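Novice: First the structure, which I've put down as structure tokens, then a few questions once you've had a look.
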Amino acid sequence: MSTEIRATTILPAERRPVTLTTADGLELVGELALPPGGRTPAGTLVTLHPLPTHGGFMDSHVYRKAAWRLPALADLAVLRFNTRGTVSPAGRSQGEFDEAVGERFDVQAAIEFADFEDLPNRWLVGWSFGTDLALMYGDDPTVDGLILLSPPLRYSRPEDLDRWAASGKPVVVLVPEFDDYLRPDEARERFARIPQAEVIGVDGAKHLWVGEKYVQRVHNEIVKRVNPAAYPLATTWDGEFETFAE
């Protein structure tokens, strides 16, 4: 019998805790979720979380639910981790928050981990603060594309956008209609520096993507680019699953 996938539904995956080691000697707490049954991933999401000084971490709900659903529904590998000094239910990463400076080593450690694991079709997914990190430090030869959720463009600079423009890699920008920092019309102006950037305004959404329909919209937009064969995502599941207990 098929069951509706709800906010607390955890679908099967091969999940394991991981430790990322940075070039400046820190250990970062993380998790890798892979498709169940030993299936080869069709793509990989390397996720960068919102601002840790304002409650962002690897377990922020859009990413947590991506790890719960997308390995099973879309054959995607999902790598989540806490940047330096960030604490979440998964644990605390070493170091201290460094205003998007030392975090360059965190981004590179995640990219190198995905490369070491030979994970295919790697896309960076940044959310809020994570979008700045992705724009500033994520244009690595092993990265295939970039997806930005609620970019504030706070720490990143025009030259960071220019570097992505020169790369020619796909850049997808999801901007909530009622974002606290950057709304769709201004985002289209700012991201015009990247000719290949696709800026998508999401009606009714806010910066934190609260609400299950907005989480599903984000996940569908990601899957549409990274593994279009799995788009649109199923909303029901026929098989074993778990339920998250708050």
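The values are calculated or read from the model by the stated rules, or taken from the named source; none is laboratory data. Since this is a predicted model, take the numbers as computed values, not measurements. Positions of Cβ are backbone-derived with ideal geometry, glycine not excepted, and every protein chain shown enters the neighbour counts. For the accessible areas, the whole protein counts, side chains as well, though only heavy atoms, and no ligand, DNA or RNA atoms are used. Shrake-Rupley method; radii C 1.70, N 1.55, O 1.52, S 1.80 Å.
Novice: Which of the residues belonging to segment 201-215 are free of Cβ contacts under 8 Å to residues at least 40 places away in the same chain and of a type outside the set (A, V, I, L, M)?
Specialist: Result: Gly201, Asp203, Gly204, Lys206, Gly211, Lys213, Tyr214.
Novice: List pairs: first residue in segment 16-43 and of a type in the set (Asp, Glu), second residue part of a strand (DSSP E or B) anywhere in the structure, Cβ distance under 6 angstrom, at least six positions apart or on different chains.
Specialist: Listed pairs, sorted by first residue: Glu27/Thr19; Glu27/Thr21; Glu31/Pro17; Glu31/Arg80.
Novice: Mind counting the residues in segment 43-67 that are closer than 18 Å to Lys224 by Cα and either open to solvent by 10 Å² or more (accessible area, probe 1.4 Å) or not small (Gly, Ala, Ser) (or both)?
Specialist: The initial filter retains those residues of segment 43-67 that are closer than 18 Å to Lys224 by Cα, namely 43-47, 62-63, 65-67.
Still in the list and also either open to solvent by 10 Å² or more (accessible area, probe 1.4 Å) or not small (Gly, Ala, Ser) (or both): 44-47, 62-63, 65.
Qualifying residue count for the region: 7.
Novice: Mind listing just one residue for me: the one in segment 226-246 that is open to solvent by less than 30 Å² (accessible area, probe 1.4 Å) and assigned to a helix (DSSP H, G or I) and, of those, farthest from Gly145 (Cα to Cα)? Outline the logic, then answer.
Specialist: Residues of segment 226-246 open to solvent by less than 30 Å² (accessible area, probe 1.4 Å): 226-227, 230, 233.
With assigned to a helix (DSSP H, G or I) added as a condition, the list becomes 226, 230.
Numbers: Val226: 9, Ala230: 18 Å.
Checked segment 226-246; the qualifying residue farthest from Gly145 (Cα to Cα) is Ala230.
Novice: Is it the case that some residue within segment 101-124 is within 27 Å of Ile5 (Cα to Cα), open to solvent by less than 10 Å² (accessible area, probe 1.4 Å) and within 14 Å of the chain's Cα centre (by Cα)?
Specialist: Yes.
Novice: Looking at segment 152-161, can you tell me whether even one residue there is at positive phi, in a loop (DSSP other than H, G, I, E, B), under 17 Å from the mean Cα position of the chain (by Cα) and free of Cβ contacts under 8 Å to residues at least 60 places away in the same chain?
Specialist: Within segment 152-161, the subset at positive phi is 153.
Then drop every residue that is not in a loop (DSSP other than H, G, I, E, B), which leaves 153.
Filter once more, so that each one left must be under 17 Å from the mean Cα position of the chain (by Cα): 153.
Those left that are additionally free of Cβ contacts under 8 Å to residues at least 60 places away in the same chain: 153.
The answer is yes; a qualifying residue exists.
Novice: What's the total number of residues in segment 181-225 that are hydrophobic (A, V, I, L, M, F, W, C) and open to solvent by less than 10 Å² (accessible area, probe 1.4 Å)? So that I can check it myself, show each step before the final result.
Specialist: First pass over segment 181-225, keeping only residues hydrophobic (A, V, I, L, M, F, W, C): 182, 187, 191-192, 194, 197, 199-200, 202, 205, 208-210, 215, 218, 222-223.
Cutting the leftovers down to open to solvent by less than 10 Å² (accessible area, probe 1.4 Å) gives us 182, 187, 191, 194, 202, 205, 209, 215, 218, 222-223.
Summing the residues that are hydrophobic (A, V, I, L, M, F, W, C) and open to solvent by less than 10 Å² (accessible area, probe 1.4 Å) in segment 181-225 gives 11.
Novice: I'm told Val226 meets every condition in (1) touching a residue at least 60 places away in the same chain (Cβ under 8 Å); (2) more than 18 Å from the chain's Cα centre (by Cα) except one. Can you identify the failing condition by its number?
Specialist: (2)
Novice: Continuing with this model, one more query. Pick from Thr40, Thr9: which is of a type in the set (S, T, N, Q), more than 21 Å from Gly91 (Cα to Cα) and open to solvent by less than 50 Å² (accessible area, probe 1.4 Å)?
Specialist: Working: Thr40 fails: open to solvent by less than 50 Å² (accessible area, probe 1.4 Å).
Going through Thr40, Thr9 in turn, the sole match is Thr9.
Novice: For segment 162-180, name all the residues that are small (Gly, Ala, Ser), outside any loop (DSSP other than H, G, I, E, B) and either in contact (Cβ under 8 Å) with a residue 24 or more places away in the chain or surrounded by 22 or more Cβ atoms within 10 Å (Cβ to Cβ) (or both). Can you show your working first?
Specialist: Start the filter on segment 162-180 by keeping residues that are small (Gly, Ala, Ser), which leaves 165-168.
The next check asks that each one be outside any loop (DSSP other than H, G, I, E, B); those that pass are 165-167.
Correct list: Ala165, Ser167.
Novice: Do we have Val78 as modelled with pLDDT of 95 or more, surrounded by fewer than 24 Cβ atoms within 10 Å (Cβ to Cβ), closer than 21 Å to Lys213 by Cα and not hydroxyl-bearing (Ser, Thr, Tyr) here? First the steps, then the outcome.
Specialist: Numbers: modelled with pLDDT of 95 or more: yes; surrounded by fewer than 24 Cβ atoms within 10 Å (Cβ to Cβ): no; closer than 21 Å to Lys213 by Cα: yes; not hydroxyl-bearing (Ser, Thr, Tyr): yes.
Here the answer is no, as Val78 does not meet what is asked.
Novice: Separate question: Being aromatic (Phe, Trp, Tyr) and free of Cβ contacts under 8 Å to residues at least 24 places away in the same chain is the requirement here; does Phe81 meet it? Show your work before the answer.
Specialist: Values: aromatic (Phe, Trp, Tyr): yes; free of Cβ contacts under 8 Å to residues at least 24 places away in the same chain: no.
It is false that Phe81 is aromatic (Phe, Trp, Tyr) and free of Cβ contacts under 8 Å to residues at least 24 places away in the same chain.
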